[in-house]
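First comes the structure, then the notes that go with it.
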Amino acid sequence: MFKEFNTLTLEELNRINDENLFDYIKVFCQAEVVEFNDNDECLSVVNNINGISMITNCVNRANFSASDVDGCIDRVFNKFRSRGLPLMWTVGPITKPEDLGKYLLKKGMMHVDTYTKMAIALDSLNREHRLSDDFEILEVTEKSLLDKWFNIYSVSFDLSWLIEAAHKKFYAGLFLDSGIPAKTYIGLWKGHPVATSQVFFNNECAGIYNIDTLPEARNRGLGYMMTLKALLKAKEEGYKTATLQATKKGYPIYKKLGFIDTGHSDCYIKMHGVSMVAIPVSFIARIAINKFRSIFKTS
């Protein structure tokens, strides 16, 4: 059913990584959707939520004609600008044109991060890769746990309270839908919820998402174990390959597990309307609070 990892080229690994991400977005973006486009030109989601995230007010695939790049970008921009909504645009290895990022910068978008695309052969996980008995990992199957999961996710990724509230209000039903090919996990350190992970399955690979730990619980190997939990589930389901998009913070964890680099993607944002003030203020406040959380660590 699944191709062996060692038969896949870097180009193929980047493609299945992106395709898994696109499938993930198409499944989980279905909240307060004003406009959804999935065509030859682009994959874009316009939500009636004044915030940005992987599944909220985003563009994640572009295949623009080289002769009309500016026009294509303007048409996408207008969907968000006309509603006063922010936009997050991710440019990856299969984006066309390949230099789309420079066009976005010229249009006033701000480059905010670069992610490393990575992949791992699940057969490489062996007896040395074991979960610790000192750390409890639960599958999220009911709303009270999901609310805690969203809180950890929002704090860990420095997301605004606007996004956290929207996630809890609009996305809960999707994340708890047992018919969706995904597993969501929450990690408990000394009984306290502190870490998150998620694995999403499509026809070619298992995608690993939303790995993070609260600031006060970091540097204990918990992110490693949350990732491993998702990988072991994928291996149990018969998958041969797992992929992810690594932040600079998570990259050393994934290298330790055996992931290899396959490419990069870049994230750009643009604010419109009230988001020009609300999102930066909320983001700065979250960063400041997280600094205090990391200082006053739990033992």
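The values are calculated or read from the model by the stated rules, or taken from the named source; none is laboratory data. Quick caveat, the model's predicted, so the values are computed rather than measured. FYI the Cβ positions are ideal-geometry reconstructions off the backbone, even for glycines, and counts take in every protein chain you see.
Below is a table of values for the structure above.
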{"read-out": "Extreme residue, surrounded by the fewest Cβ atoms within 10 Å (Cβ to Cβ), among residues of the stretch 170-187 that are of a type outside the set (Gly, Ala, Ser) and either closer than 19 Å to Gly250 by Cα or at pLDDT below 90 (or both)", "value": "Ile186"}
{"read-out": "Selection from the stretch 57-97 of residues that are assigned to a strand (DSSP E or B) and surrounded by fewer than 19 Cβ atoms within 10 Å (Cβ to Cβ)", "value": "Asn63, Lys96"}
{"read-out": "Hits in the stretch 98-111 - residues which are hydrophobic (A, V, I, L, M, F, W, C) and either touching a Gly at 6+ places or on another chain (Cβ under 9 Å) or loosely packed, with under 14 Cβ neighbours inside 10 Å (or both)", "value": "Leu105, Met109, Met110"}
{"read-out": "Scan of the stretch 133-169 for residues that are assigned to a loop (DSSP other than H, G, I, E, B) and surrounded by fewer than 19 Cβ atoms within 10 Å (Cβ to Cβ), ordered by number", "value": "Asp133, Asp134, Thr141, Glu142, Phe157, Asp158"}
{"read-out": "Residues satisfying the stated conditions in the stretch 135-148, i.e. under 16 Å from Ser178 (Cβ atoms) and either among the hydrophobic types (A, V, I, L, M, F, W, C) or without any contact (Cβ under 8 Å) to a residue 24 or more places away in the chain (or both)", "value": "Leu138, Val140, Leu145, Leu146"}
{"read-out": "Close pairs (8 angstrom Cβ cut-off, 6 or more residues apart or separate chains): at positive phi in the stretch 70-94, surrounded by fewer than 18 Cβ atoms within 10 Å (Cβ to Cβ) and not in a helix (DSSP H, G or I) anywhere", "value": "Gly84/His272; Gly84/Gly273; Gly84/Val274"}
{"read-out": "The stretch 36-56, subset of a type outside the set (D, E, K, R) and in contact with a Cys (Cβ under 8 Å, 6 or more places away or on another chain), residue surrounded by the fewest Cβ atoms within 10 Å (Cβ to Cβ)", "value": "Phe36"}
